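The block underneath contains the structure these notes are about, expressed in structure tokens.
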Amino acid sequence: MSASSFRSHLMQQFVAAARAQTQHHQPSSKSRPISIARQTVTKTVAKTRANPTPPPPPPASPLSSQHFHTVNKAEAETTASKDRDRDRDGQDNIHSIVNAINRNCKISMQDHSNHHNTSSPLRGRSISHPFSTATATATSRKEEDLDGTKFQTMLKSRRTISNFLPLNIITDGEEEEHQLQHLNCIEKVNNAILRAVECAVTAPNHKKTEPVTYHNITPYTKTWMLLLRIVYDVTAYKNFVLGNKTPEEADSIAFHKREKWQDTILGYVVVTVGGQPNQLPPIDNNDDDDDDDVDKEHQDDNDDNEFDVRMAEILPVRPPETERQMEDYAHACAAVQNILLSLHSEGLGAKWATGPIIRTRAMRKVLELKNDDLIVGIVMVGKAKTVPKEWRRRREFAGDVFRDCD
């Protein structure tokens, strides 16, 4: 008997025995139908091996090689066709047997599929095109929070805030209660700044250089008091020495600016990037004074009214020169944008300032910066008094700002 004939004959007996068992007998346990089918297969195999089918007799008369080739080809095609039909029938019978055994064992194919999905490590994951709108469930956020439109609306609604609410308006109440509310408000803003910096460090950073440092300045600290002094000194220098204002006018302008920073801004973040060109040129000392004497005069707490022109002098900015410096500076700018968006998402106003106050020796001295540290900007945080409208764009978006390349 050929292998295909044996397989078909065995399959038919197996199917017949299993169907007979499933139709006329009710199993007493879940394992009974499987054992009956196994016994049927064992008996059929033993019987077939004991009485093998004899091979067909040789032909009575010899044939030519061409006729022998034609006959063998036709017989091979017929046998292959029959084998395919029997295999197809055998597969159908196998599915029938499996379904019958599962029914008798009270296990459905659906339950088996569910059990398989439960134990599968890929359960719950959806596979979609990387550019489709469907979001993989492997992310930790909930589906209702995955609406990109909400994030885009929040992003486009951010504005640069220049006018902040005075702190006495933010925290009304009696004097003691007012102070507690004031400190509580500052603490909340400080926590919001911390979360914003956590978002900032996720900005794209080529080569993973991590060149940015975030200097958090909280109100009523020593650094905060030095910052207010720098604000006054630089503003007075800018208006008196460079702006041709009278001493009284320069003093009035500097005083009001210091009061604004003191009474309306709840927190500051100074962003610096390292590895840049030298930002600190040597001091032009015409009076034969040492640099150490200048630093001592600036740090002298006994003479608060001392106005040091050299410490308030506005320094030139040396931009990035190498590719690495440019990439690090770009990372710092992207980090600042993340800070602004994070603060905006929590209802706080912020302004990214790059004015003359941060480009002074006094500011670099307070922050203890190295010569190759470039100050990207200072972010001022508070409650917005007025939110400016979206400014009118000078360039058309379609065709000019956004262009489809052929």
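The values are calculated or read from the model by the stated rules, or taken from the named source; none is laboratory data. No experiment lies behind these values; they were computed from the predicted model shown. A quick note on method: Cβ atoms are made from the backbone with ideal geometry, for glycine too, and the neighbour counts reach across all protein chains shown.
Within the range 291-307, does at least one residue satisfy the condition of being modelled with pLDDT under 95 and touching a Ser or Thr at 6+ places or on another chain (Cβ under 8 Å)? The answer is no, given that none of the residues of the range 291-307 is modelled with pLDDT under 95 and touching a Ser or Thr at 6+ places or on another chain (Cβ under 8 Å).
Within the range 370-393, the only residue that satisfies the criterion of being over 25 Å from T218 (Cβ atoms), surrounded by 11 or more Cβ atoms within 10 Å (Cβ to Cβ) and of a type in the set (D, E, K, R) is D372.
Counting only residues that are acidic (D, E) and either within 22 Å of W352 (Cβ to Cβ) or at pLDDT 95 or above (or both), the range 207-258 holds 1 of them. Within the range 394-401, can one find any residue that is surrounded by 21 or more Cβ atoms within 10 Å (Cβ to Cβ), out of contact with any Gly (no Cβ under 7 Å at 6 or more places or on another chain) and over 18 Å from S162 (Cα atoms)? No, the range 394-401 contains no residue that is surrounded by 21 or more Cβ atoms within 10 Å (Cβ to Cβ), out of contact with any Gly (no Cβ under 7 Å at 6 or more places or on another chain) and over 18 Å from S162 (Cα atoms).
Note on the range 201-215: among residues that are in contact (Cβ under 8 Å) with a residue 12 or more places away in the chain and outside any loop (DSSP other than H, G, I, E, B), the one that is surrounded by the most Cβ atoms within 10 Å (Cβ to Cβ) is V212. In the range 316-323, the count of residues that are modelled with pLDDT of 95 or more, crowded, with 17+ Cβ neighbours inside 10 Å and outside any loop (DSSP other than H, G, I, E, B) is zero. Taken over the range 342-358, the residue count meeting the criterion of being under 16 Å from V197 (Cα atoms) and surrounded by 16 or more Cβ atoms within 10 Å (Cβ to Cβ) is 9.
One line per residue, one yes/no per condition, for (1) part of a loop (DSSP other than H, G, I, E, B); (2) free of Cβ contacts under 8 Å to residues at least 24 places away in the same chain; (3) over 18 Å from N190 (Cβ atoms):
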site: H344; (1), (2), (3): no, no, no
site: W352; (1), (2), (3): no, no, yes
site: A362; (1), (2), (3): no, no, yes
site: V366; (1), (2), (3): no, no, yes
site: K370; (1), (2), (3): yes, no, yes
site: V376; (1), (2), (3): no, no, yes
site: V379; (1), (2), (3): no, no, no
site: T386; (1), (2), (3): yes, no, yes
site: W391; (1), (2), (3): yes, yes, yes
